[in-house]
Amino acid sequence: MASVIRELRKIGAQVRVVMTPFSTQFVGKLTFETLSGNEVFTDWDKDPLAHINLARWANVFLIAPCTVNTLSKIALGIGDNLLTTTVLAYKGPLLLAPAANTVMYKNPAVQENIEKLRDRGVSIIEPEWGILACEEEGEGKLASEKRLIDWVLWALHPKSLEGKKVLITCGATREYIDPVRFISNESSGEMGFSLAKVARWLGAEVRVIAGFTTAEEPPEVHIRRVRTSEDMLRETLKEFEDSDIVIMNAAVADYRPKSTYGSKIKKREHLTLELEKTSDVLEELGKRKKGQMLVGFALESEQLVENAREKLRRKNLDMIVANPVDVMGAGHHRGYIITEEAVHEFEFDSKMESAYNIMERVLELYSKR
Ligand code: CTP
């Protein structure tokens, strides 16, 4: 939990910690006092209305790790310590991250309580598989810090994309020359993964189709992996009809070897590869578009806006994000967001900031429909 508090403070959040009497046997109050920069609450000694004041103050309430005992007490509306009483007084988004021995976690009484809480709108951050405190291996390990932070951010965002299905493609395709060699590009997948995070935080049901990537995968998002441009075309078409917003960020190779060698090519003096054009996935989606909002990317060495505008029309897009070539694989992001009506220039130090900006523009355009 220490680094969760540290990370949340880094992004500007204020953090207050409530500890159950049981938890103080494992971690000292001082640790959390130092990390949060605030007094840690364990009882009503200093404030008889601590439960009300804490409940009114918080925008999001995360209990991690949440024992099955605390979880079950919350499900039954029991307030027998400061933590459970504060939950009773709290009306905002509640996130419970259970951690327990597998048998205890799977206990039917606990599972019933989890269902009860879910039905009431409480978010249960599923535990992971791993070595548990009891030294057994199984399901019951507290969710990773990365997932806990992601859930807090999810809870803090307005759900402007609630009920919408957002399909995002990203990463590089590989076009195989032989079983171990291929044609590909520098795409890291970071932009697409950042867009997926933001879309999830805004309440969308997000599906990602990713080629090869080096960026860290976004937590809690369904990612389907593909290898070649043909796989990308097939998988994207499968999802297209059932999507509301489609963002095609994948760096699909434009050419592939006309034939792929079945075994590793032996070294020789000269080797000539004949290449053929791959299908343009985005153009195919543009042809089939019914109600979907279609967003493309354009990577250009020159005449950025003009060339991107031409792609916007040719591929029947609603929006295109035009980037100069130096952004591929880089941390920063700059370029233009182009629609039929407007051109917005942008420059950000990170792909994450840029993803926010793009999703804001996507939302703006989508809400005008
Ligand atoms: N794209 C695609 N299928 C391809 C090539 C590109 O779906 N075979 C998509 C990309 O995901 C991107 C958009 O089309 O959203 C533009 O990609 P870009 O590489 O900039 O342009 P191309 O259409 O390939 O044209 P060119 O390389 O000539 O600039």
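The values are calculated or read from the model by the stated rules, or taken from the named source; none is laboratory data. Quick caveat, the model's predicted, so the values are computed rather than measured. Cβ atoms come from the backbone with ideal geometry, glycine included; neighbour counts cover every protein chain shown. To get the accessible areas, we keep the full protein, side chains included, count just its heavy atoms, and leave off ligands, DNA and RNA. Shrake-Rupley method; radii C 1.70, N 1.55, O 1.52, S 1.80 Å.
Worth pointing out:
- Asn323 being more than 26 Å from Ser367 (Cβ to Cβ), near the ligand (Cβ under 10 Å from one of its atoms) and either free of Cβ contacts under 8 Å to residues at least 40 places away in the same chain or part of a helix (DSSP H, G or I) (or both): no
- Residues of the stretch 91-150 that are open to solvent by less than 50 Å² (accessible area, probe 1.4 Å), more than 19 Å from the chain's Cα centre (by Cα) and of a type in the set (Gly, Ala, Ser): Gly92, Ala99, Ala100, Gly130, Gly138, Gly140.
- The stretch 1-52, residues that are assigned to a loop (DSSP other than H, G, I, E, B) and touching a Lys or Arg at 6+ places or on another chain (Cβ under 9 Å): Val15, Val17, Met19, Gly37, Asn38, Glu39, Val40, Thr42
- Which numbered condition Gly140 misses (of (1) more than 16 Å from the ligand (Cβ to nearest atom); (2) free of Cβ contacts under 8 Å to residues at least 40 places away in the same chain): (2)
- Only a single item in (1) open to solvent by 10 Å² or more (accessible area, probe 1.4 Å); (2) among the hydrophobic types (A, V, I, L, M, F, W, C); (3) within 12 Å of the ligand (Cβ to nearest atom); (4) in contact with an Asp or Glu (Cβ under 7 Å, 6 or more places away or on another chain) is not met by Ala251, and it is number (4).
- Here the condition is being in contact with a Pro (Cβ under 7 Å, 6 or more places away or on another chain) and at pLDDT 95 or above; of Pro98, Pro108, it holds for Pro98 alone.
- Subset of the stretch 8-39 (residues that are touching a Phe, Trp or Tyr at 6+ places or on another chain (Cβ under 9 Å) and touching a residue at least 24 places away in the same chain (Cβ under 8 Å)): Gln14, Arg16, Val17, Val18, Met19, Asn38
- For the stretch 174-208, the set of residues classified as of a type in the set (S, T, N, Q) and over 21 Å from the mean Cα position of the chain (by Cα) consists of Ser184, Asn185, listed by residue number.
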